[in-house]
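Presented below is the structure to which this report refers.
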Amino acid sequence: MENPTTGNATGIKLTCGMSGILDIIFALVPIVYASIFVIGVVGNSMVVAIIYCYMKLKTVANIFVLNLAISDLTFLITLPMWATFTARGYHWPFGGFLCKASAGLAIFNLYTSIFFLVALSIDRYLAIVHPVQSRRFRTMVYARITCVLIWLFAFVLSLPTALTRDVLNIINFNRTVCGVLHQNIEESKSLTELLLAISLMKFLLGFLIPFIVIITCYCLIGRALLNARSIQKSSRSRDDEVLRMLAAAVLAFFLCWAPHQVFHLMQVFTQLIKVQNCPLLDIIDTAMPFTICIAYVNSCVNPIVYGFVGRNFRKNLVRLLHCSPSGAAGPHPSISSKMSALSFRVSEGLSLTSKSKASPDVK
């Protein structure tokens, strides 16, 4: 709720209508949240269990995927509170601390998820396009350091959101909401500037820049795979499978977050203009709950895209469901085992390409 208000932080009065108050939101959104919670907790818990018990932390990709699953689990524990908040007609009964913590964890998950996706994309780029040169950087030590830096950076970025959220009493609608702080007139200018900075940071660091990095990595990977395919026709089907998996990851990321970011940018626009535009605020506040639901679905999609599409992962899932011991099946296949084999073929193909260019007499 980021509508213009008058009054102080403990009791405020909306100058625009409290938009987004629709029975369908109060009925549908909690059901969606509950479904995301159940599916996400089960899926991400299986990812953690499979990697820890069977696949082990022996590859960089496994470490990033494990941290991605833990990040999603950290956020999912807040969904029952948001479901209750919506089901009770935007009434927050959990107090100020949980309001700040839940809002902070939601943004914290946004940053950690996207940063780990970026780390996975860069790792795949290095493994496939530069498999030999990147060996000294793609180590367990570097992967763990990268994870620690991601967690710390995401925590710092999410702090302003947590600090600017609190429990607010909406006087003219008799509701207690968990929303953005609205202080007195003297402090309103600095607070508005801070909220605008948070919003722009969320769009740039939480969507646009990571998406550009991911697209760039996958375009470079695709070019390398096409070059290798022109040398080795037999690798066509496996290369296609890898490309489909990478395309699915990018598509899931974009489809989940793009609608929310579009309306978020509209919200930033309403903060920039001086004249209150209540009809536009009504559209944004009505659409926001649905776009947030779509964005939160990303916490369920990640295990499917990055884990369950892999043959080895499905095999280990069956072992987990049958409670097979972790050492029963010999060596532990990693999530990136197919990628590693592909990296060798790509580098071999690129090497052959460079040799053929250097020696025109070779037929």
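The values are calculated or read from the model by the stated rules, or taken from the named source; none is laboratory data. In this text, all values refer to a predicted model and were calculated from it rather than measured experimentally. Backbone-built Cβ (ideal geometry, glycine too); neighbour counts: all protein chains shown. These accessible areas exclude ligands, DNA and RNA; they are computed on the full protein's heavy atoms, side chains included. Shrake-Rupley method; radii C 1.70, N 1.55, O 1.52, S 1.80 Å.
Summary table below
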read-out: Label-point separation, Ala49 to Leu226 (7 Å along Cα→Cβ), nm; value: 4.3 nm
read-out: Accessible surface of the stretch 105-213, 1.4 Å probe, proportion on carbon and sulfur as whole %; value: 71 percent
read-out: Inter-site label distance for Phe203 and Arg88 at 7 Å from Cα along Cβ, in nm; value: 3.3 nm
read-out: Gain upon complete extension [Leu22, Leu251; 0.36 nm per residue less C-alpha separation]; value: 79.4 nm
read-out: Distance between the stretch 63-139 and the stretch 22-42 - C-alpha centres, whole angstrom; value: 19 Å
read-out: His130 - accessible surface, heavy atoms, 1.4 Å probe, Å² rounded to 10; value: 60 Å²
read-out: Scattering profile of the stretch 109-216 at q = 0.18 Å⁻¹ [log10 I(q)/I(0), Debye over alpha-carbon scatterers]; value: -0.95
read-out: For Lys58, solvent-accessible area (1.4 Å; no DNA, RNA or ligand), Å²; value: 140 Å²
read-out: Which of Cys300, Cys53 is most accessible, then next, and so on - probe 1.4 Å; value: Cys53, Cys300
